[in-house]
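Contents: one structure, followed by commentary.
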Protein chains: 2
Amino acid sequence: MTTETITVAPPRGMRDLLPAQVALRDWATQIILQNYGLFGFTRIETPVMEHIHLLRGGEGGENLQLIYEVLKRGEKLESELEKSSISRNDLSDLGLRFDLTVPLVRYYSNNENDLPKPLKAIQIGSVFRAESPQKGRLRQFTQCDIDIIGTKSEFAEIELIQATTKALQALGFNGFTIHINDRRFLSTLATYCGFAAERQSLVFNTLDKLDKIGMEKIREELRSEQHDEAAITKMMEFLQSYVRAQESGNTSFEEIKKLLPEAVTGEFMESLQKIIKAVESLAGDNFSIRFDPSLVRGMGYYTGAIFEIKYPGYSGSIAGGGRYDKMVGKFSKRDDVPACGFSIGFERVMDILTEKGFTPPFNAKKIAFIFDPDRDESAVVVQAANSLRDGQNVVSLQARKKDMKKQLDQLLAQGFSSYCVFKGDPNNLEVKQLEQK
Amino acid sequence: MTTETITVAPPRGMRDLLPAQVALRDWATQIILQNYGLFGFTRIETPVMEHIHLLRGGEGGENLQLIYEVLKRGEKLESELEKSSISRNDLSDLGLRFDLTVPLVRYYSNNENDLPKPLKAIQIGSVFRAESPQKGRLRQFTQCDIDIIGTKSEFAEIELIQATTKALQALGFNGFTIHINDRRFLSTLATYCGFAAERQSLVFNTLDKLDKIGMEKIREELRSEQHDEAAITKMMEFLQSYVRAQESGNTSFEEIKKLLPEAVTGEFMESLQKIIKAVESLAGDNFSIRFDPSLVRGMGYYTGAIFEIKYPGYSGSIAGGGRYDKMVGKFSKRDDVPACGFSIGFERVMDILTEKGFTPPFNAKKIAFIFDPDRDESAVVVQAANSLRDGQNVVSLQARKKDMKKQLDQLLAQGFSSYCVFKGDPNNLEVKQLEQK
């Protein structure tokens with residue numbers, strides 16, 4: 001190491017987490033794990049790195065552009081560099097995962113025989129995206145997913161929603177709304193309107209913006225994409241009736257169903273109804289669920305129900321997920337293996353809790369044990385400190401400083417609630433409150 | 001994604017962790033955090049990636065050869081590839097951390113003003129080394145470190161040892177031995193024997209093998225390295241007397257001190273004695289500590305006390321650490337900032353627990369709630385299941401299969417302790433034991 005200038009900031013878009021930040025995250029993680037656990041979900045883990053061809057070949061959508069690739073090593077790298085023309089894509093053999101779903105699907109295919117059926121998996125871990133960093137968009141961040149692999153029926157959706165809402169409530173979130181839709185509804189509606197199948201994903205991406213840009217901009221965008229004019233008109237008619245219904249508070253499943261042309265129907269409508277009815281029966285006054293025909297969600301791999309949770313006062317969503325029945329089958333070369341997942345926006349939730357000034361409950365006493373390193377004998381000091389440690393108390397040794405008043409102020413600022421100045425007699429320890437003056 | 005063969009195994013040297021494996025690791029992590037917490041340590045986190053020049057410039061010893069480097073992206077990569085001769089080292093700008101100590105030192109320098117003094121940090125996280133994988137040697141593995149930055153006195157060593165032994169005991173480890181030495185002792189001894197200062201690290205690396213290869217091989221290796229013959233003789237004399245003392249059970253600090261030539265002394269002897277005395281006063285019959293003049297430990301950055309914990313019946317160590325007073329100063333360009341750390345060999349400890357057939361305690365009832373997806377109404381099922389979930393019970397929905405006997409056997413194998421077959425009436429739920437036949 002040289003004595004030249006050393007950058008001590010973390011890499012761009014990544015963070016050093018201070019003790020209080022980790023404490024909040026650890027608390028939230030515990031609460032989430034505990035609540036997911038009640039529903040029989042268990043945590044699994046995959047490596048941070050995956051084979052690069054797996055990541056590139058996965059259905060990562062825009063994330064494929066954001067993969068951190070790991071350089072080949074040793075002879076493999078040398079032989080690439082010796083080639084007359086170097087191919088950029090051949091320089092790496094591993095990459096950092098950009099989500100937890102692609103690794104989960106690989107994991108399930110690799111370990112199927114050793115896993116319970118259905119698999120109810122919890123994953124909490126770091127993912128990596130080479131984004132332009134900005135507020136709320138990091139290059140390394142935590143995802144917190146639950147998935148059920150192997151359940152076809154809508155009980156999977158219901159259990160995922162139930163576990164997620166229970167966890168969010170335990171974190172202090174209430175009054176949120178679950179928006180639910182179904183990919184099969186979206187394509188049935190688009191086909192009915194007259195959009196060609198291969199152009200539908202473009203249409204859905206526009207629809208997804210309804211909340212943000214409003215009806216008129218939606219129409220403009222659909223036109224600028226040169227879709228069939230009659231199809232646009234049909235779609236706008238439906239959207240208009242949906243927005244009107246929303247404005248007059250008619251947001252129940254039955255009301256929205258009435259707005260649909262008769263041809264727009266299918267098994268998915270029953271399935272949606274079942275999910276909504278079951279979740280409503282659990283919601284009480286704490287949260288609500290509604291059919292949202294404009295909900296799309298980005299990823300291309302969804303095949304059925306999709307859902308998102310919105311929290312009043314905050315734009316965007318605090319959780320999102322859906323059913324992806326085709327993805328596992330592609331890895332394991334078998335018939336479709338049904339799969340459905342729900343992800344809490346962990347960083348978003350941490351930001352909201354921090355904005356609210358929330359600090360995790362801490363019941364133990366935090367005692368600073370102040371000793372004189374020049375006078376007190378180490379064996380006696382540690383024994384004495386240990387006698388206070390019994391039970392739950394946190395006891396931290398602190399060498400006495402000259403300005404004791406300043407030292408006590410600093411300890412208070414560090415979160416100590418009490419202190420004990422050691423006077424040499426282990427049988428005579430006085431623990432005092434540290435108080436704000 | 002193509003339908004070609006897809007490798008579903010994780011990358012070489014990395015692991016998929018099954019639910020039971022994660023459960024063990026989560027349990028152990030909680031126990032460790034809880035026990036470290038009692039001493040006032042708090043968890044911090046750094047990114048998985050660091051600037052590549054920081055990793056390359058750090059004092060990583062052999063690990064510098066094992067860094068996973070992250071390929072530059074976009075224009076930065078293009079401009080490297082356009083150069084007439086491509087320099088291997090310019091292709092990457094980030095790397096995956098190979099330990100938690102280099103990032104900790106950067107972290108401290110970056111956040112010093114927002115951190116308590118001394119900083120008592122816990123770090124639990126993945127590190128990455130491009131090793132040849134083999135049993136017990138992975139390419140991604142978990143490290144579990146505690147460090148005290150800002151304490152000069154041996155109270156740091158004592159508190160680190162105390163917290164680590166308490167955590168190990170809580171994990172069920174007893175009867176282990178802490179071996180302690182001091183780098184300053186090693187260099188004073190080597191200088192006294194007559195080894196040139198710049199050749200001493202070679203000598204230490206050989207000494208470190210005493211346990212494994214024995215006296216004669218040590219002499220041979222020192223000779224083959226062409227050290228001064230008189231120096232070798234002096235060193236071997238001391239080693240001989242140490243081995244003899246060990247064999248006759250004279251392993252107390254006082255006994256070993258008697259073996260040392262008078263010139264081999266210094267402040268470090270007092271310091272070692274203080275640490276040993278204090279730790280002995282806490283050990284009781286559960287573990288022991290001994291001065292081990294042959295202990296070296298690999299890393300070049302140690303400046304004072306070094307220590308390792310050995311567990312009877314297992315070779316190698318289950319924890320290791322030491323004082324590194326110069327490293328922080330190099331980052332923050334200031335006077336030495338004292339620092340000392342202790343790391344539990346997390347993977348080693350997991351392996352031993354698994355070998356012992358240990359499973360973490362689980363007190364809640366795990367109930368499989370079996371319903372008929374064709375008959376039962378979803379809202380009624382989830383409500384009924386929920387009524388059993390109250391309190392701590394884990395309740396997992398399971399669709400009824402044709403062969404109920406087989407289904408119950410599978411549930412038992414998955415760790416369910418009870419089951420409830422839903423018969424349509426939420427007010428009449430019967431929970432039965434699942435029992436091995």
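The values are calculated or read from the model by the stated rules, or taken from the named source; none is laboratory data. Quick caveat, the model's predicted, so the values are computed rather than measured. Because the Cβ atoms are built from the backbone with ideal geometry, glycine has one as well, and the counts that use them run over all protein chains shown.
Suppose the filter is assigned by TED's automatic domain parsing to the domain that holds residue A:132, more than 23 Å from residue B:126 (Cβ to Cβ) and in contact with a strand residue (DSSP E or B) (Cβ under 7 Å, 6 or more places away or on another chain); does residue A:40 pass it?
Yes; evaluated as a whole, the condition is true for this residue.
Check off (1) over 13 Å from residue A:182 (Cβ atoms); (2) in a loop (DSSP other than H, G, I, E, B); (3) touching a Gly at 6+ places or on another chain (Cβ under 8 Å) for residue A:309 and give me the number that stays unchecked.
Residue A:309 satisfies every listed condition except (2).
Return yes when residue A:31 is closer than 30 Å to residue B:120 by Cα and touching a helix residue (DSSP H, G or I) at 6+ places or on another chain (Cβ under 6 Å) and no when it is not.
Spelling it out, residue A:31 is indeed closer than 30 Å to residue B:120 by Cα and touching a helix residue (DSSP H, G or I) at 6+ places or on another chain (Cβ under 6 Å).
Pick out the one residue from B:97, B:183, B:139 that is of a type in the set (Lys, Arg) and within 10 Å of another protein chain (Cβ to nearest Cβ).
Matching residue, one of B:97, B:183, B:139: B:139.
So, in segment B:101-124, of the ones that are at the interface with chain A (Cβ under 9 Å from one of its Cβ atoms) and part of a strand (DSSP E or B), which residue ends up nearest to residue A:95 (Cα to Cα)?
This residue is B:122.
Name the pairs: first residue in segment A:23-48 and more than 8 Å from chain B (Cβ to nearest Cβ), second residue crowded, with 18+ Cβ neighbours inside 10 Å and assigned to a loop (DSSP other than H, G, I, E, B), Cβ to Cβ under 7 Å, at least 6 apart or on different chains?
Going by the 7 Å Cβ cut-off, the qualifying pairs are A:28/A:171; A:31/A:171.
Please go through segment B:75-94 and give me each residue that is of a type in the set (S, T, N, Q) and loosely packed, with under 11 Cβ neighbours inside 10 Å, ordered by number.
Those that are of a type in the set (S, T, N, Q) and loosely packed, with under 11 Cβ neighbours inside 10 Å: B:84, B:85, B:87, B:89.
Here's a check for you: in segment A:280-309, which residue that is at pLDDT below 95 and among the β-branched types (Val, Ile, Thr) is surrounded by the most Cβ atoms within 10 Å (Cβ to Cβ)?
A:296
What are the residues in segment A:217-265 that are at positive phi and under 33 Å from the mean Cα position of the chain (by Cα), if any?
Selection gives A:249 alone.
Mind checking which residues of segment A:406-437 are over 39 Å from the mean Cα position of the chain (by Cα) and among the hydroxyl-bearing types (Ser, Thr, Tyr)?
The answer is A:419, and nothing else.
Conditions tested, residue by residue: (1) β-branched (Val, Ile, Thr); (2) modelled with pLDDT of 95 or more.
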position	(1), (2)
B:167	no, yes
B:177	yes, yes
B:182	no, yes
B:200	no, no
B:203	yes, no
B:210	no, no
B:228	no, no
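What single numbered condition from (1) out of contact with any strand residue (DSSP E or B) (no Cβ under 6 Å at 6 or more places or on another chain); (2) in contact (Cβ under 8 Å) with a residue 12 or more places away in the chain; (3) within 24 Å of residue B:299 (Cβ to Cβ) fails to hold for residue B:241?
Only one criterion in (1) out of contact with any strand residue (DSSP E or B) (no Cβ under 6 Å at 6 or more places or on another chain); (2) in contact (Cβ under 8 Å) with a residue 12 or more places away in the chain; (3) within 24 Å of residue B:299 (Cβ to Cβ) is unmet by residue B:241, namely (3).
Conditions: (1) crowded, with 18+ Cβ neighbours inside 10 Å; (2) more than 14 Å from every other protein chain (Cβ to nearest Cβ); (3) within 27 Å of residue A:165 (Cβ to Cβ). Residue A:211 meets all but one. Number of the miss?
Status for residue A:211: all satisfied but (1).
Would you be able to say whether some residue in segment A:274-288 is over 20 Å from the mean Cα position of the chain (by Cα), away from chain B (no Cβ under 14 Å) and basic (Lys, Arg)?
No; the residues of segment A:274-288 include none that is over 20 Å from the mean Cα position of the chain (by Cα), away from chain B (no Cβ under 14 Å) and basic (Lys, Arg).
I need the full set of residues from segment B:5-22 which are at the interface with another protein chain (Cβ under 7 Å from one of its Cβ atoms) and either within 18 Å of residue B:170 (Cα to Cα) or not in a helix (DSSP H, G or I) (or both), in order please.
Selection gives B:6, B:7, B:8, B:9, B:10, B:11, B:14, B:15, B:16, B:17, B:18.
Within segment A:407-417, can you find the residues that are modelled with pLDDT of 90 or more and more than 8 Å from chain B (Cβ to nearest Cβ)?
A:407, A:408, A:409, A:411, A:412, A:416, A:417
Here are A:361, A:426: which of them is more than 9 Å from chain B (Cβ to nearest Cβ) and more than 28 Å from residue B:282 (Cβ to Cβ)?
Result: A:361 is the single residue among A:361, A:426 that is more than 9 Å from chain B (Cβ to nearest Cβ) and more than 28 Å from residue B:282 (Cβ to Cβ).
Each row is one residue, and each column tells you yes or no for (1) within 11 Å of another protein chain (Cβ to nearest Cβ); (2) within 27 Å of residue A:152 (Cα to Cα); (3) at pLDDT below 95; (4) in contact with a Phe, Trp or Tyr (Cβ under 9 Å, 6 or more places away or on another chain).
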{"position": "B:328", "(1), (2), (3), (4)": "yes, no, yes, yes"}
{"position": "B:342", "(1), (2), (3), (4)": "no, no, no, yes"}
{"position": "B:366", "(1), (2), (3), (4)": "yes, yes, yes, yes"}
{"position": "B:373", "(1), (2), (3), (4)": "yes, yes, yes, yes"}
{"position": "B:380", "(1), (2), (3), (4)": "yes, yes, yes, yes"}
{"position": "B:389", "(1), (2), (3), (4)": "yes, yes, yes, yes"}
{"position": "B:400", "(1), (2), (3), (4)": "no, yes, yes, yes"}
{"position": "B:405", "(1), (2), (3), (4)": "no, yes, yes, no"}
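State the number of residues belonging to segment B:55-79 that are over 10 Å from residue B:97 (Cα atoms), facing chain A (nearest Cβ under 7 Å) and either within 23 Å of the chain's Cα centre (by Cα) or not aliphatic (A, V, I, L, M) (or both).
Number of matching residues: 4.
Mind telling me which of the residues B:97, B:12 ends up being surrounded by fewer than 16 Cβ atoms within 10 Å (Cβ to Cβ) and closer than 26 Å to residue A:98 by Cα?
On inspection, the qualifying residue turns out to be B:12.
Checking the condition closer than 23 Å to residue B:19 by Cα and either buried (at least 19 other Cβ atoms within 10 Å of the Cβ) or in contact (Cβ under 8 Å) with a residue 40 or more places away in the chain (or both), which residue from B:412, B:429, B:408 passes?
Step by step, each of B:412, B:429, B:408 is checked, and only B:408 is closer than 23 Å to residue B:19 by Cα and either buried (at least 19 other Cβ atoms within 10 Å of the Cβ) or in contact (Cβ under 8 Å) with a residue 40 or more places away in the chain (or both).
Filter segment A:10-66 down to the residues that are under 17 Å from residue B:25 (Cα atoms) and among the hydroxyl-bearing types (Ser, Thr, Tyr) and list them by number.
Listed by number, the residues that qualify are A:29, A:42, A:46.
Looking at segment A:139-161, I want the residues that are surrounded by fewer than 23 Cβ atoms within 10 Å (Cβ to Cβ) and have a partner that is part of a strand (DSSP E or B) and of a type in the set (Asp, Glu) with Cβ atoms under 9 Å, at least 6 apart or on another chain. Which pairs are those?
Matching pairs, first to second residue: none at all.
Quick check on segment A:330-340: of everything there that is at pLDDT 95 or above and touching a strand residue (DSSP E or B) at 6+ places or on another chain (Cβ under 7 Å), which residue is nearest to residue A:147 (Cα to Cα)?
Going through the qualifying residues, I end up with A:340.
May I ask you to list the residues in segment B:80-100 that are within 33 Å of the chain's Cα centre (by Cα) and part of a helix (DSSP H, G or I)?
B:88, B:89, B:90
Condition test on residue B:43, is it within 15 Å of the chain's Cα centre (by Cα), modelled with pLDDT of 95 or more, buried (at least 17 other Cβ atoms within 10 Å of the Cβ) and more than 22 Å from residue A:110 (Cα to Cα)?
Yes: the conditions hold for residue B:43.
Quick one: which helices (runs of 4 or more DSSP H) sit completely within segment B:327-405 and have at least 3 residues that are under 29 Å from the mean Cα position of the chain (by Cα) and assigned by TED's automatic domain parsing to the domain that holds residue B:156?
Hits in segment B:327-405: B:327-332, B:346-355.
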